Amino acid sequence: MALVTVQRSPSPSNTESEDVDTEEGSNLKSPNRSRSFSESYFTVKGAALILPQNDVESTFTKKICKSSHGDIQSHLESMIALLRRQDTIALAVKLEVTVPERHKYMAVVSCMGKQDTEETVILGIDFCGNNQATIGLVLPIWADTEIALDGDGGFSVTSGGNRHMFKPVTVHVMWNTTEDLLFFKAEPVLLPTDDEEEAFLKRIRVELKNVMMKEDLDEATSKYLRTKVEERMNMKLDQWKAYIEQEMLMIMGQLDSPTLIKEYLYLGSEWNASNIEELSKNGVHYILNISREIDNFYPGILHYYNIKEWDCEETNLLKYWENTHKFISKVREKKGIVLVHCKMGISRSASTVIAYLMKEYHMSRQEAYDMVKGMRSCIMPNNAFWNQLETYEGILNARLVKKNIV
């Protein structure tokens, strides 16, 4: 995940209204909008989501949006150059292509229309070898617009009687797309008719969650994840493609939502750490970043404490848990709120939160694990961290015995 800032070229008539041709052939005066000449986006592989233009974001942009980020930045600049000054790209999604030198995007574009209501269209944008952008599809979004999964990593958009298919490059991009398009309606999936079938679907859910918690969802496709589940179950699951894809999105939703462990303590993922609207809404001003691969998104705005370690068996998190306990405790004393995160909020950060609860509330390893697991079902400390928690439990118990003797 990275931050990209795209510069907009100011229009000579920036202070004037612009005539816009509507489908009915009449002219509509576009309302003036206060536009920044730069727009900032968070990017994951194959997708860019616009940051809101508010005071917090503006400060953030001034402080750290300095560098270029390759194709995604140049493609966004080319897409924005095609649009009117009052148009905003809310979401740009890279699509699968059969010709390697070509790039295709689905862009969700909005502007203020009649009676100051927001109007939205989906644009299909193509890039050829010279990186020249062209619009190949304009699909207005109406109240009856629907999205349906195709069961194979793509989705259809039906609007005004027309149906178009899109296939994002990864399952994470699929989640970002369906989350952003609030009119998402999944195709109905047959419900289990008996206990045996229900048990079979439960097994699929368990295996799928296990696969998704171990794979890099910024890279994995829907088909790849389904294939991994088939390997674990030693059977083909073609007839359950639609069901599996819906479960993927449900699991992505669980992974993308921070979990409130205590009134002052959230456990979450990289996405939660990057989402300034969500952080502000939850009152988070402190971040405990348990990762080597993820930068701090809002330095100078939020308060950070970093543990730069990988999620692997060789990592020793135990040596940090006294300091992470002190950091969280100080936040609590200040009546603040802290988010503890790693890449996905499953192993490193979950282990650190469990360690904090063990010391702060005199819990056993199992009690703390069960509490966090009950609130965030996707957690799964790796074997090394689980063993380190056992060691930490012994250390805490020894201290307690010594204190009682004294």
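Fewest-first ordering of HIS362, HIS172 by other beta carbons within 10 Å of each residue's beta carbon gives HIS362, HIS172. In region 224-306, Cα pairs under 8 Å separated by at least six residues give a relative contact order of 16 percent. So if I take the centroid of the Cα atoms in region 246-287 and the same for region 348-388, what is the distance between those two points in Å? Distance between centres, Cα-based: 17 Å.
Only lysine pairs 8 or more places apart or on separate chains count here, and in region 143-255 those with Cα atoms under 26 Å apart total 28.
When only Cα pairs below 8 angstrom with a gap of at least 6 residues are kept, region 257-405 shows a relative contact order of 27 percent. For GLU219, no residue whose modelled amide H falls within less than 5 Å of its own remains once neighbours fewer than 5 places apart on the same chain are excluded.
Each residue in THR352, THR315 was given a count of other beta-carbon atoms within 10 angstrom of its own, and listing them fewest first yields THR315, THR352.
Only the coordinates and a few stated rules stand behind these numbers; no lab work does. Note that the coordinates shown come from a computational prediction; the quantities given were computed from them, not determined experimentally. Because the Cβ atoms are built from the backbone with ideal geometry, glycine has one as well, and the counts that use them run over all protein chains shown.
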